[in-house]
Amino acid sequence: MKIQNNGYLSIEQLADQYRSKAAGTESRENTSGLSFREVLQQRSRETGEPGDLKFSKHALNRLSDRKIELDTVQLERLQAGAEKAGEKGIRDSLVIVDQLAFIVNVPNRTVVTAMDSTATDENIFTNINGAVIA
């Protein structure tokens with residue numbers, strides 16, 4: 001093996017470094033036998049209630065920018081609307097609660113965006129495949 005001393009590694013030197021690092025590292029394989037989906041569902045259960053909706057960063061910004069505040073009754077109605085959408089097989093749903101409109105990604109249980117009646121002047125909603133009035 002030819003060793004270079006010009007500040008650059010030869011292919012052989014680089015390969016030797018890689019092999020020595022690879023031999024010393026532990027395996028990252030899932031030794032519990034659970035699939036990725038099962039691990040993800042287990043982690044989700046540990047972090048919150050299964051029926052709870054999450055709000056994306058974008059949705060939280062829209063709620064803040066538009067000064068929209070949800071009371072507990074409205075939040076429960078929003079969750080119920082998302083559950084109804086899921087029961088009907090809707091993936092991306094428009095859920096209307098009072099004068100508020102929410103786009104919810106149902107499989108991920110995530111509110112993607114939120115708007116009030118002033119932001120829905122055009123009454124056009126895209127990228128949804130169902131609507132629920134809760």
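Laboratory data are not the source of any read-out in this text; all were calculated from the coordinates shown. Small disclaimer: the values here were computed from a predicted structure and weren't measured. So basically every Cβ, Gly included, is an ideal-geometry build from the backbone, and we count neighbours across all protein chains shown.
The figures follow:
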item	result
Sites R91 and S20 - FRET efficiency at Förster radius 41 Å, r taken between beta-carbons, to 0.05	0.30
Burial order of peptide ranges 80-88, 60-68, 98-106 (average beta-carbon count within 10 Å, highest first)	98-106, 80-88, 60-68
Cα gyration tensor shape of the range 81-130, rounded if a/c is under 1.5, else prolate or oblate by comparing a/b with b/c	prolate
Gain upon complete extension [L75, I133; 0.36 nm per residue less C-alpha separation]	19.6 nm
Gain on full stretching of the segment that runs from D52 to K67 - 0.36 nm per residue minus C-alpha separation	3.2 nm
Spin-label pair S10/D98, simplified geometry with 7 Å Cα→Cβ offset, distance in nm	7.5 nm
